[in-house]
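Working notes for the structure below.
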Amino acid sequence: GNGASDVVYRVERFTNTITNMDFELPPALADFDSIMYARFDCGSNEIDCDDSASPTGGETISLAFVNNNIRYLWVDGYMGDEGSFGLTVTPTP
């Protein structure tokens, strides 16, 4: 967002039994004001977006995997903010 560096993850489920994946930027693992959003591909509209009120992380997104196996997840900085972060991923069968 607004000139901040971002990281894009290509997320692919490895088995059809996984129907959902939860992604979280825990506040304890982020040192900047972050934004997280997801798309079906690099050019499509957003599937989901979260910008928590926390100045350090706190975003969560839950993505369903039904018709295809690939999603793209962006971790970005609010208003040009940047830093380090840890991302947790929880698949649900």
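The values are calculated or read from the model by the stated rules, or taken from the named source; none is laboratory data. Treat the numbers as computed from the prediction; the structure is a model and nothing was measured. Please note: Cβ atoms are built from the backbone with ideal geometry, for glycine as well, and neighbour counts cover all protein chains shown. Side chains included, ligands, DNA and RNA excluded: accessible areas come from the protein's heavy atoms. Shrake-Rupley method; radii C 1.70, N 1.55, O 1.52, S 1.80 Å.
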Response to the item:
Pairing a residue in the range 37-60 that is under 12 Å from residue 75 (Cβ atoms) and open to solvent by less than 70 Å² (accessible area, probe 1.4 Å) with any residue that is basic (Lys, Arg) and at pLDDT 90 or above, where Cβ atoms lie under 7 Å and the two sit 6 or more apart in sequence or on different chains, gives 38/71
Response to the item:
Only one of 40, 23 is aromatic (Phe, Trp, Tyr), over 16 Å from residue 4 (Cα atoms) and at pLDDT 95 or above, namely 23
Fill in: Answer from 89, 8, 66, 75 - the residue that is exposed (fewer than 11 other Cβ atoms within 10 Å of the Cβ) and among the β-branched types (Val, Ile, Thr)
66
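So which residues in the range 51-70 are outside any loop (DSSP other than H, G, I, E, B) and either under 17 Å from residue 35 (Cα atoms) or at pLDDT 95 or above (or both)?
60, 61, 62, 63
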Worksheet entry | Filter result (surrounded by fewer than 16 Cβ atoms within 10 Å (Cβ to Cβ) and either in a strand (DSSP E or B) or hydroxyl-bearing (Ser, Thr, Tyr) (or both)) within the range 12-36 | 12, 15, 17, 19, 20, 22
Worksheet item: So residue 4 clears everything in (1) part of a strand (DSSP E or B); (2) touching a residue at least 60 places away in the same chain (Cβ under 8 Å) except one condition, right? Which one?
Response: (1)
